[in-house]
Structures are given as C-alpha cells and as structure tokens.
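The values are calculated or read from the model by the stated rules, or taken from the named source; none is laboratory data. These figures come from a predicted structure and were not determined experimentally. Methodologically, a virtual Cβ is constructed for each residue, glycine included, from the backbone with ideal geometry; neighbour enumeration extends over all protein chains shown. Heads up: the accessible areas ignore ligands, DNA and RNA and are worked out on the full protein's heavy atoms, side chains in. Shrake-Rupley method; radii C 1.70, N 1.55, O 1.52, S 1.80 Å.
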Amino acid sequence: MKPYSKLSKEELHNLKEQLEKQYEEVKKKGLNLDMSRGKPSKAQLDLSNGLMDVLTGDCNLVSSEGVDCRNYGVLDGIAEARKLLADMSEVPERNILIYGNSSLNVMFDTVARAMSCGIMGHTPWAKLKKVKFLCPVPGYDRHFGITELFGIEMINVPLYETGPDMDMVEKLVSQDASVKGIWCVPKYSNPTGVSYSDETVRRFARLKPAAEDFRIFWDNAYSIHHLYDDRRDVILEILNECVKAGNTDMVFKFISTSKVSFPGSGIAALAASRANIEDAKEYMKYQTIGHDKLNQLRHVRFFKDMQGMYEHMRKHAKILRPKFEMVENVLERELGGLGIGTWTKPLGGYFMSFDSLDGCAKKIVAKAKDAGLIMTAAGATYPYGKDPHDSNIRIAPSFPTVEELELATEIFVLSVKLVSIEKLLSA
C-alpha cells in the first residue's frame, strides 16, 4: 500500500470521505467493547476454578512444617509456598518473603516503607528534600501512580528493544544521590512486550549508585507468561548477577500469581537479599501476624510444583495466542506500509504497544471511544500521564473474545487512519 504521506491532498480528501462513511456505519452498531486493561478473560479464569476445590472442610489444613494454616503465625509464609514462589522467581527459598494477594500491594508497601521508615537504617525518604525515580517509558501506569502519590519526582528514561537506555541510567544513578530507585518490567514489558538483554541485566547489576539506599524495583510480572513454546524470551536472574557484581542488596524483585491463578486472589512475594528480607520483616511484623496461609496452601496443592505451573500457563497461552495473532494480522493488513503507525509483536505478556504519528494518540483513543471501543487512556504509559510525543497507545487483547477483538481492532485501525489523514491534511 502507498504511504499516506505520498498521497496528494485530493487523494487524502477522497480517502477520508470513504473512511468517514465506514466509521459512521460502525457507530450505528452501538458497540461496547473494552480493551482498556490487561484483564484475563472468563475462559482464563475458568482454568483456575479447581483452586476452589482443593481445600475442603474435612481435609488436612496443616503445612509441611506442621503449621495449622487456619491460625495466626508464620510471618514469611508457609515453607511450601516459599518454595513454589522461589522456584518461580529463580532464587533460593531463603531469599523469598511471601506477602498477600498481589505484587502491586507489595510494591506500594515497599515504597511506603522507604518513605516512612527508610531502607536498612537509611534516612526515611519522606525526610529528604528530594527523592527521584527513573521510569523507563513507555511503562506501567500503576508503577507511576505509586511514586506520584508519594510526591517522588519521576524521570523518563527511553525504553529500547534491549531494555532501558543504560547510558542514561548509569549516569543519573551514579551522579545524583536523590535518585533512589528505578521501575523495571524486565520480561515482556508493559506495554511494549520487550525483554531486557543479558548485557542490560549485567549493567543493572554493576550500577554504582550515589545513594546507598538506591534500589532496582524489578517487577517480574510476566516471568512465565509465554505465548509460544518454541519461541520464548529468557532473561538473566538479577539477584544472582547483583551478587556477582558485589551489589547484593541493590534489588527488590517482585512476583505473583495474579495472572497465573485469580487476579487479586493470588499470592505474591518479594525476592531480595537476606538483609533486605530481614529489613522488610522488621516492618511487616507491625502490619500483620501473617498473610493468608490458607490461600498459600490452596495454591501449592493446586499447582503442586513449577512443572504444574508451566502446564497451567500453556493453557493460558492457548487462549491468548490467537488473540495476539489476530490483532497483529489486522494491524498488518490494514496499516502495513501506510507509514502512520508502528507496533510491537511480543512473544509473551499481556500487551502490545502502538506508536502513531506524533500528536495523534489522544485523538485516536477519543475517536475509538466514540465508536464504542474503550482503550487505555493516551499518555497513561508515561509518568504524570504526559506522553511528550502524544503517540503511544497500549493495546490489551486479553479480555475480549476473539470475535469482539476483531471488531475492536477494526475500530482502532479505522480511528488511526482518520486521525492520521486529518494530521496530514492540516500540515
């Protein structure tokens, strides 16, 4: 297809007229489609229904260490849950601290603890004149929401196919003691789907921060969320690399079963050095006597081990794969060669990232909404909701059915075409 930029004004006007007729026909259908969040579909949720049956009133509710899971206690989680999430995190069991139902809670709690109590004896961040966080962009809006809530200044760092701009990260971290952390989604990143290269992980591990309490917030949310068995991204394990580099305490690694079992009803964990684990437990003991051990036991008995979890994730992939492929096919068929957008083709995770012509993302999302399609707000993938180019749009294919998703993608590409033509005609 001929790029839109090569079309004459007359050709663009004629094309716009045709597309507007199509758009009005779509609007008449009164559709109500949602691609706004990375929610698992009902079919995916049904995969974990067995969780509701593994614990019954007459079954053994005692853990392998002899703990009655109905009662108080066990601050760091039952042994078999620590083992399962340690294997999922690729770290020894001693480096795992079990929390509650989702990793977002753990990340919020960790920032709150740093603000109010400090990290490992350092000055609480709330008592400092300035605290800064590095934010690879485009990135995860809920990460940015946490740091914004606490008044932490966020600095954009470009995210490439190999990971964040490490030259920029190394410079900022080493020269500015007010830089206390960086948000990372290292595998199948939200929203781009890229995974960090081995060199990027090693450079993270070798950072020389000016602040002793600098921490890498390593949100490995999609660690086992592959779409294909024969094509998988593999990343280096960050805690081990930090130990090799002599930076044992520099990373907080977060993980959960939120998109493995039931979102919001899973189990989550912090993986970190023993010093970081003990520091977190010192704070946690005032917060709780112990998290939900029955839920921990339920997950362990349902999955049994990592092999069971891998088999479960293949069932998720079987549902998700056709959705991602369908979106990619429609984008390629309708937008390929037009020069009005680019998109990622991830091998796992929950999202795709689309970049429009500069200044078009908000208008595209608004036009799609008018036709019955709700998408993530334009700008959400940047701190403060401010995309400097107004070009990035997150696509979340998981929740709609394949049929709904095809309609949604067609509305999206129609919106992209119309807004792009309007921009070119106004130039």
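Restricted to Cα positions, what overall size does the range 342-427 have along the principal axes? Three whole-Å values, descending.
For the range 342-427, the Cα extents along the three principal axes come out at 38, 28, 21 Å.
Pick out which of Asp58, Asp292, Asp249 has the largest mean-square fluctuation in a Gaussian network model of the chain, springs linking Cα atoms closer than 10 Å.
Asp58
Ranking request for peptides 374-380, 204-210: highest mean number of other beta-carbon atoms within 10 Å first, then the rest in descending order.
The most tightly packed comes first, giving 374-380, 204-210.
Can you tell me how the range 244-365 classifies by the Cα gyration tensor, rounded, prolate or oblate, using a/c under 1.5 as the rounded cut?
Numbers: a/c = 2.66, a/b = 1.77, b/c = 1.51.
In terms of gyration-tensor shape, prolate.
Taking only protein heavy atoms into account and a 1.4 Å probe, give the accessible area per residue of the chain in Å².
Values: 18260 Å² over 427 residues.
Result: 43 Å² of accessible area for each residue.
Could I have the simple spin-label model distance between Asn240 and Glu332, label points 7 Å from Cα toward Cβ, reported in nm to one decimal?
Between Asn240 and Glu332, the label points sit 3.5 nm apart.
Based on the Cβ-Cβ distance of Glu20 and Lys129, what FRET efficiency does E = 1/(1 + (r/R0)^6) give at R0 = 51 Å, to the nearest 0.05?
Taking R0 as 51 Å, the efficiency between Glu20 and Lys129 is 0.40.
From the square roots a ≥ b ≥ c of the eigenvalues of the alpha-carbon gyration tensor of the range 379-427, which class results: rounded (a/c under 1.5), prolate (a/b over b/c), or oblate? Intermediate values should be presented prior to the final figure.
Working: a/c = 5.20, a/b = 1.24, b/c = 4.21.
Oblate, since a/c reaches 1.5 and b/c is not below a/b.
For a label point 7 angstrom out from the Cα of Tyr286 toward its Cβ, which stretches of the range 160-186 have the backbone nitrogen within less than 20 Å?
It comes to no residues whatsoever.
Relative contact order (percent) for the range 205-317, with alpha-carbon contacts under 8 angstrom and 6 or more residues of separation?
Worked out over the range 205-317, it gives 28 percent.
May I ask for the distance between the Cα centers of the range 23-50 and the range 116-152, given as a whole number of Å?
34
Helix 103-116 versus the longest principal axis of the chain: what is the Cα-based angle in degrees, 0 to 90, to the nearest 10?
Tilt relative to the chain: about 70 degrees.
Given labels modelled 7 Å from the Cα in the Cβ direction, how far is it in nm from Tyr160 to Ala112?
Placing both labels 7 Å beyond Cα along the Cβ direction yields 3.8 nm.
Let me know the Kirkwood hydrodynamic radius for the range 13-161, please, with Cα pairs as the basis and the value in Å to one decimal.
About 21.0 Å for the range 13-161.
For the range 241-252, what does the Karplus curve 6.51 cos²θ - 1.76 cosθ + 1.60, with θ = phi - 60°, yield as ³J(HN,Hα) per residue in whole Hz, taken in order and with x for Gly and Pro?
Values per residue, Gly and Pro as x: 5, 5, 4, 4, 8, x, 10, 3, 9, 7, 10, 10 Hz.
Any idea what Rg and Dmax come out to for the range 243-300 if you just take the C-alpha atoms, in Å?
Computed over the Cα atoms of the range 243-300, radius of gyration and Dmax are 13.7, 38 Å.
By per-residue mean of other Cβ atoms within 10 Å, what is the highest-first order of 29-37, 7-15, 251-259? Don't jump to the answer; show the numbers that get you there.
Values: 29-37: 15.2, 7-15: 12.4, 251-259: 24.9.
Order by mean packing, descending: 251-259, 29-37, 7-15.
Let me have the 222 nm mean residue ellipticity of the chain computed from DSSP H runs of 4+ only, each contributing -39500 (n - 2.57), with the sum over all residues rounded to the nearest 500.
Mean residue ellipticity, 222 nm, calculated: -12500 deg cm²/dmol.
Taking 0.36 nm per intervening residue step and subtracting the Cα-Cα distance, what contour gain separates Asp34 from Arg274 on full extension?
The span from Asp34 to Arg274 would gain 82.1 nm if fully extended.
Calculate how steeply helix 79-89 sits against the longest principal axis of the alpha-carbon atoms of the chain, using the helix alpha-carbon long axis, and give the answer as 0 to 90 degrees to the nearest 10.
40
Which percent of the accessible heavy-atom area of the range 271-361 goes to carbon and sulfur, probe 1.4 angstrom?
Answer for the range 271-361: carbon and sulfur cover 50 percent of the accessible area.
What is the distance in Å between the Cα centroid of the range 219-237 and that of the range 322-393?
23
Counting only protein heavy atoms and a 1.4 Å probe, tell me what percentage of the range 113-261's accessible area is made up of carbon and sulfur.
C and S fraction of accessible area: 47 percent.
Determine the principal axes of the Cα atoms in the range 151-270, then give the extent along each, sorted from largest to smallest and rounded to whole angstroms.
The Cα atoms of the range 151-270 stretch 41, 30, 28 Å along their principal axes.
Report the net charge of residues surrounding Tyr140, where surrounding means a beta-carbon distance below 15 angstrom and charges are Lys +1, Arg +1, Asp -1, Glu -1.
Numbers: positive: Arg37, Lys39, Arg142, Lys187, Lys259, Arg394; negative: Asp141, Glu148, Asp219, Asp387.
So the surrounding residues net to +2.
When the Cα centres of the range 261-308 and the range 63-95 are compared, how far apart do they sit, in Å?
Centre-to-centre (Cα) distance: 7 Å.
Mean projection of the alpha-carbon convex hull of the chain over all orientations, in nm²?
Value for the chain: 22.0 nm².
What does the C-alpha gyration tensor say about the overall shape of the range 284-427? Classify as rounded when a/c is under 1.5, otherwise prolate if a/b is larger than b/c, or oblate.
In terms of gyration-tensor shape, prolate.
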